[in-house]
Each structure stands twice: as structure tokens, then as C-alpha cells.
Amino acid sequence: MPYIEGKFTMQLDEAKKNAICEKIENAVSGNFRKPKTFVMTEIKDNIPLRMNGIPLKKGAYISIKLFGTTTKAVCSGCTSEISNILKKELEIDCKCIYITYHPVDFWG
């Protein structure tokens, strides 16, 4: 039951959004051993993100909510995989990607 929220500074066409969603969903599903049928994803593009007070031309923030607990090692593996996807697919420098994990005890 992961919920993935992705915010990207650049505009993404529908084909690119779908491709990015699928790859991130596969990464989350695989790393956290959650069935892909329960993964929900939201992608927002053209979101102004800043680092060090400077607007990013290419940047991303990914927030992942998970039912239950996880470990730092699993999160690190997922971070590496998602960062590599965004670098390859969108040419985002890994220094301009933030990924956060939010375990949730109660899910309805």
C-alpha cells in the first residue's frame, strides 16, 4: 500500500509521466516487497523547487508513504534505484533529488 508522490520542476508529457511512474512503482514495489496492485502514484510537474535559495531547472522531490515499518538499508536501496531512474530518464543530477520515507501504522 505505498503511496508515492513525485514533484518535478520540469514539464513532463503524458508518455514520460507514465514511464516514470511505472519505473518508480516497480522500484518501490520491489524494494519494499509490496504488491504493485496496491501502489498509488501521483506525479506533479512544473513545480518550482529551490535549493540553496536558487531555483532548480531540473530537480525532484519524491515522498513515499508505506504501511508498516522498514529499515534504513531498504530505504537506501530504493533511494539509489529511484535516483538512477531519474538521472537516466530525466537527466536530473542526483544532488537535486530528495526522497523521503514515511512509515504509517494505520491505513484505511
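The values are calculated or read from the model by the stated rules, or taken from the named source; none is laboratory data. The model shown is predicted, which means the values in this text are computed figures rather than measured ones. Cβ coordinates were reconstructed from backbone atoms using ideal geometry, including for glycine residues, and neighbour counts include every protein chain displayed. When the accessible area is computed, the model is the full protein with side chains, heavy atoms only, and any ligands, DNA or RNA have been set aside. Shrake-Rupley method; radii C 1.70, N 1.55, O 1.52, S 1.80 Å.
How high is the relative contact order of the chain, given as a whole-number percent (alpha carbon pairs under 8 Å, six or more residues apart)? Relative contact order here is 35 percent. Remark: spin-label model distance residue 45-residue 74 equals 3.2 nm, labels positioned 7 Å along the Cα→Cβ axis. Of the Cα atoms belonging to the chain, the radius of gyration and Dmax stand at 13.5, 39 Å.
Only protein heavy atoms count here; on that basis, with a 1.4 Å probe, residue 61 has an accessible area of about 60 Å². Just the protein heavy atoms count here, and of the accessible area of the chain at 1.4 Å, carbon and sulfur take up 55 percent. Report, in whole Å, the centroid distance computed from the Cα atoms of region 83-108 and region 1-66. Each part's Cα centre sits 6 Å from the other's.
Antiparallel beta bridges, as assigned by DSSP with both residues in the chain, represent about 40 percent of the total such bridges. Quickly estimate the mean residue ellipticity at 222 nm for the chain, helices only: each DSSP H run with n ≥ 4 gives -39500 (n - 2.57), and the total goes over all residues, rounded to 500. One gets -12000 deg cm²/dmol as the mean residue ellipticity at 222 nm.
With a cut-off of 18 Å, note down the residues of region 63-91 whose backbone N falls inside the zone around a label point 7 Å from the Cα of residue 38 toward its beta carbon. Answer for region 63-91: 64-71, 75.
Taking every protein chain into account, the accessible area of the chain amounts to 61 square angstrom per residue (probe 1.4 Å). What do you get for the angle between helix 14-32 and the principal long axis of the chain? Use alpha-carbon atoms, 0 to 90 degrees, nearest ten. It works out to around 40 degrees. Altogether, the Stokes-Einstein calculation at 4 °C and 1.567 mPa s, with the Kirkwood radius of region 1-54 over Cα pairs as Rh, returns a diffusion coefficient of 107 µm²/s.
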